[in-house]
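The values are calculated or read from the model by the stated rules, or taken from the named source; none is laboratory data. Just so it is clear, the model here is predicted, and its values are computed rather than measured. Here the Cβ is made from the backbone with ideal geometry for all residues, glycine too, and neighbour counts use every protein chain on show.
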Amino acid sequence: MRRVLLHTMWVLLVQWLAVANVWSGPDRPTEFSNTNSVVNTRHNMTQRSKTGADLLSGPPNSGGAGQMDTSRNDYGQVCVYCHTPHGANATIAAPLWNRAIPTTTYTTYNLLGTGASQTYTQPGGSSLVCLSCHDGQQAVDAVMNMPGAGKYSSNPNFTFLETWQPTGFSTGSHLGLKSTECLVCHTPTGLGAIIAPTATDFTVFAIGTDLRDDHPVGVSYPSTSGTGTDWKTPGGAVAKPGGTTLFFDENGDGRLQKTEVRLYDTGQGAEVECGSCHDPHGVPSAGVGSGFLPSFLRKTNSASALCLTCHSK
Ligand code: HEC
Ligand code: HEC
Ligand code: HEC
Ligand code: HEC
Ligand code: HEC
């Protein structure tokens with residue numbers, strides 16, 4: 001009797017895992033359209049998962065509170081997870097920034113390659129803004145100025161975040177992009193495959209605090225470039241509050257466009273940061289209303305065009 005029961009449980013478990021495996025696997029294509037606005041991208045943190053019957057089939061933002069509402073406050077505003085009109089973080093060179101900046105010391109790219117020659121420092125402002133979510137140290141909803149009066153904290157924490165409660169709304173958890181938090185569901189293997197088989201795989205997107213496996217950021221751009229060197233010359237320059245931003249002026253108009261790769265200067269000379277290659281709002285691939293370039297890239301990396309903007313290889 002006991003053996004039969006055990007056998008039945010085993011069969012059920014195998015079937016369950018088999019079903020789960022149908023839905024797991026590599027990064028699912030996004031359910032967002034990735035057109036027109038940051039609103040239609042994965043940087044829209046108000047997105048909802050589905051509940052009940054339409055968990056596996058309905059469109060995103062279909063209204064069910066479900067799994068996502070136990071993970072972060074849904075402020076109902078897209079920009080507020082990153083920007084605020086008032087009470088912004090003035091200690092970082094980022095526009096109207098609504099997040100505290102991690103004080104973590106990052107493990108920088110450690111010259112795994114042969115010939116790395118540049119100066120490697122801690123990530124600059126235009127990387128720290130991204131790392132304020134992507135290093136997993138802070139919850140994605142940990143903003144300094146939440147919507148509504150009297151909802152400000154220069155150092156957002158769990159207790160503070162719990163004070164944001166519109167009528168009928170309750171949360172209990174404020175998760176970040178790391179293995180023990182959002183990634184419990186957003187991994188294609190293990191528990192994630194079982195409890196949230198439709199959740200996208202975020203493993204690579206959780207950058208962490210060890211940056212040795214990432215393209216260097218906070219690294220100076222060689223001052224000697226052009227013919228005969230390994231480096232292209234950024235032709236454009238524009239003065240910013242922190243220093244001079246150099247950029248590859250592809251259309252030669254002398255102005256910095258979102259489609260142009262740039263090098264930020266926050267007092268240590270021209271450096272590569274996350275924002276050199278990425279625009280967190282999305283960049284149209286061609287013309288207005290067309291699809292954004294994948295991975296929020298500033299320019300297409302087809303035929304490695306992005307890499308070859310800086311590197312002469
Ligand atoms: C309890 C499981 C669970 C947790 C925890 C969770 N999610 Fe999700 N999430 C899902 C599921 C399931 C989906 C799949 C789509 C759906 O059902 O709408 C999803 C979809 C998403 C999407 C849309 C992906 C796309 O492009 O279509 C984003 C973005 C997202 N989650 C972000 C997060 C973030 C950020 C966290 C942590 C704050 C988080 N999730 C925590 C279950 C979870
Ligand atoms: C995921 C975070 C994030 C979200 C969401 C976001 N932004 Fe930004 N935004 C940034 C970052 C980071 C920068 C700085 C970019 C840089 O340093 O080059 C920025 C820069 C800007 C700028 C300055 C010009 C520029 O493009 O550099 C404006 C204006 C702006 N954002 C408006 C908005 C508005 C309006 C929304 C909502 C519809 C929004 N942003 C949503 C992260 C975000
Ligand atoms: C408010 C938190 C937050 C900030 C700030 C933020 N991100 Fe994200 N980012 C997310 C979440 C959540 C996702 C969706 C989960 C995922 O795909 O990892 C995401 C996804 C991405 C993706 C994958 C997009 C796709 O369609 O596959 C890229 C690339 C990215 N972010 C780059 C950046 C860069 C570069 C910055 C800084 C300029 C930045 N992010 C700032 C939270 C943030
Ligand atoms: C030198 C250019 C460059 C820099 C600097 C850079 N990235 Fe990326 N990033 C890329 C490219 C190219 C991709 C697309 C990879 C692919 O083909 O999927 C990407 C992809 C991503 C993704 C999606 C995951 C993936 O592997 O597809 C995330 C998230 C991301 N970057 C975040 C960041 C953050 C955060 C920083 C700063 C710490 C950063 N990036 C710095 C070029 C860059
Ligand atoms: C914005 C300019 C820029 C872009 C775009 C860029 N890189 Fe780099 N890359 C650099 C700089 C600067 C360094 C540091 C070089 C050094 O220390 O010698 C670097 C370092 C590297 C290294 C390590 C070199 C070593 O000796 O350890 C590799 C590999 C690399 N880049 C590949 C790529 C690839 C692949 C792409 C496209 C996905 C890319 N880069 C895009 C500027 C850029």
- Message: Among the residues of the range 96-104, are any surrounded by fewer than 20 Cβ atoms within 10 Å (Cβ to Cβ), more than 14 Å from ligand 3 (Cβ to nearest atom) and at pLDDT 90 or above?
- Response: no
- Task: Given the conditions (1) at pLDDT below 95; (2) within 15 Å of ligand 5 (Cβ to nearest atom), report the number of the one that Gly267 does not fulfil.
- Result: (2)
- Item | Single residue of the range 232-245 satisfying the filter (within 13 Å of ligand 2 (Cβ to nearest atom) and not in a loop (DSSP other than H, G, I, E, B)) that is surrounded by the fewest Cβ atoms within 10 Å (Cβ to Cβ) | Val238
- Can you name the residue in the range 257-313 that is in a loop (DSSP other than H, G, I, E, B), within 22 Å of the chain's Cα centre (by Cα) and among the polar types (S, T, N, Q) and, of all such residues, is nearest to ligand 3 (Cβ to nearest atom)? Asn301
- Query: When you look at Gln77, is it free of Cβ contacts under 8 Å to residues at least 40 places away in the same chain, within 16 Å of ligand 1 (Cβ to nearest atom) and assigned to a loop (DSSP other than H, G, I, E, B), yes or no?
  - Reply: no
- Task: Collect the residues in the range 279-305 that are crowded, with 19+ Cβ neighbours inside 10 Å and touching a residue at least 40 places away in the same chain (Cβ under 8 Å), keeping them in residue-number order.
- Result: Gly282, Phe292, Phe296, Arg298, Lys299
- What pairs come up if the first residue lies in the range 173-186 and is under 17 Å from Phe158 (Cα atoms) and at pLDDT 90 or above, the second is among the charged types (D, E, K, R) and not in a helix (DSSP H, G or I), and their beta carbons are under 7 Å apart, counting only those six or more places apart or on different chains? His174/Arg72; His174/Asp141; Leu175/Arg72; Leu175/Glu181
- So which of Val129, Val140 ends up being within 16 Å of ligand 2 (Cβ to nearest atom), of a type outside the set (Asp, Glu) and in contact with a strand residue (DSSP E or B) (Cβ under 8 Å, 6 or more places away or on another chain)? Val129
- Query: Is it the case that Asn157 is away from ligand 4 (no atom under 16 Å from the Cβ), under 21 Å from the mean Cα position of the chain (by Cα), surrounded by fewer than 15 Cβ atoms within 10 Å (Cβ to Cβ) and not aliphatic (A, V, I, L, M)?
  - Reply: yes
